Amino acid sequence: MKVSIITASYNSESTIRKTLDSVRKQTWNDIEHIIIDGKSGDKTLQIINDFPHISKVVSEVDDGIYDAMNKGISMSTGDVIGFLNSDDWFYDTTIIANYVDIFRSVDTDAVYGDLCFIQNNQSNNIYRRWISCEYKIGSFMKGWVPPHPTFYCKKEIFERCGSFNSNLLFAADFDLMCRFFNDNSFNATYLPGIKVNMLLGGATTKNFKNIVKGNIEIYNSLKVNIHRPGISFFIWKIYNRLTQLIFRGEANG
């Protein structure tokens, strides 16, 4: 089983080496690593050239991260597609191998797990743990969503349900997974355990203004794909975030 991993980057010289190294060290060998770079002006491309495992590199001006991800999807030839951005890295070297085991042993369209938000690029400096759970009907209306960097899905689902809505600036990943899970024939498997370390401070969580805009996009996505959410949606969302902040442990990598 070939797994396509898409990394979107732009002026990522301070973080991307750790990202690329974590892919290079995966024990599963059949990986297609695609880099979609937004025409970086720093040393990002020089660092990328240090990693011969990378299958494809495109560096050109794009219309944002979701446009870059869609380019990666269109270029991918793997059976399964996932995303590891230029400030994320795998928790350990067996993540993809463990995912492949699930895809091979269970009738599933997607696999997802848990995630750590990391501060200051230090693996043991955890801001919060995003512990997911099995999907149940109505979960999205309670503020639930799988951590997107842990979400690996069969390519045929992208072909059937579509790619990212690049008109959305902050929540196209939420929108995509909401569409997928709302498809009656779609099923996903939760694999407990931390799969990805994610550096705190990406576009969506960069500041309060972006958080508000992201939540507006989430609200509109729910209206279109499922049902108009009530005030309970925001209460659940705040509750879920607070419970994630209560427990902080130590991450690998």
**Message:** The conditions are (1) more than 20 Å from the chain's Cα centre (by Cα); (2) surrounded by fewer than 22 Cβ atoms within 10 Å (Cβ to Cβ), and residue 44 fails exactly one of them. Which is it?
**Reply:** (2)
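Working only within the stretch 136-176, note down all residues that are out of contact with any Asp or Glu (no Cβ under 9 Å at 6 or more places or on another chain) and either closer than 21 Å to residue 65 by Cβ or modelled with pLDDT of 95 or more (or both). Walk me through it before giving the result.
Taking the stretch 136-176 first, the residues out of contact with any Asp or Glu (no Cβ under 9 Å at 6 or more places or on another chain) are 136-144, 146, 152, 158-159, 162-163, 167, 173, 176.
If the condition is that a residue be out of contact with any Asp or Glu (no Cβ under 9 Å at 6 or more places or on another chain) and either closer than 21 Å to residue 65 by Cβ or modelled with pLDDT of 95 or more (or both), then 146, 152, 158, 159, 162, 163, 167, 173, 176 are the ones that fit.
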**Asked** Given the conditions (1) touching a helix residue (DSSP H, G or I) at 6+ places or on another chain (Cβ under 7 Å); (2) more than 24 Å from residue 200 (Cβ to Cβ); (3) aromatic (Phe, Trp, Tyr), and given that residue 83 satisfies all but one, which numbered condition is not satisfied?
**Response** (2)
**Request:** Restricting attention to the stretch 177-225, report how many residues are at pLDDT 80 or above, closer than 23 Å to residue 120 by Cα, surrounded by fewer than 19 Cβ atoms within 10 Å (Cβ to Cβ) and not aliphatic (A, V, I, L, M).
**Result:** 1
**Hits in the stretch 98-132 - residues which are part of a loop (DSSP other than H, G, I, E, B), touching a residue at least 24 places away in the same chain (Cβ under 8 Å) and on the phi < 0 side of the Ramachandran plot** = 106, 107, 108, 109, 119, 123, 124, 131, 132
**Request:** Report, ordered by the first and then the second residue, all pairs with beta carbons closer than 9 Å, sequence separation of six or more or different chains, a first member in the stretch 204-223 that is in a loop (DSSP other than H, G, I, E, B), and a second member that is of a type in the set (Asp, Glu) and modelled with pLDDT of 70 or more.
**Result:** 204/173
**Item:** Qualifying position, being assigned to a helix (DSSP H, G or I), farther than 25 Å from residue 86 by Cα and not polar (S, T, N, Q), among 186, 174, 158, 181
**Value:** 181
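The values are calculated or read from the model by the stated rules, or taken from the named source; none is laboratory data. Quick caveat: nothing in here was measured; it's all calculated off a predicted structure. Counting neighbours? That spans all protein chains shown, and the Cβs are built from the backbone with ideal geometry, glycine included.
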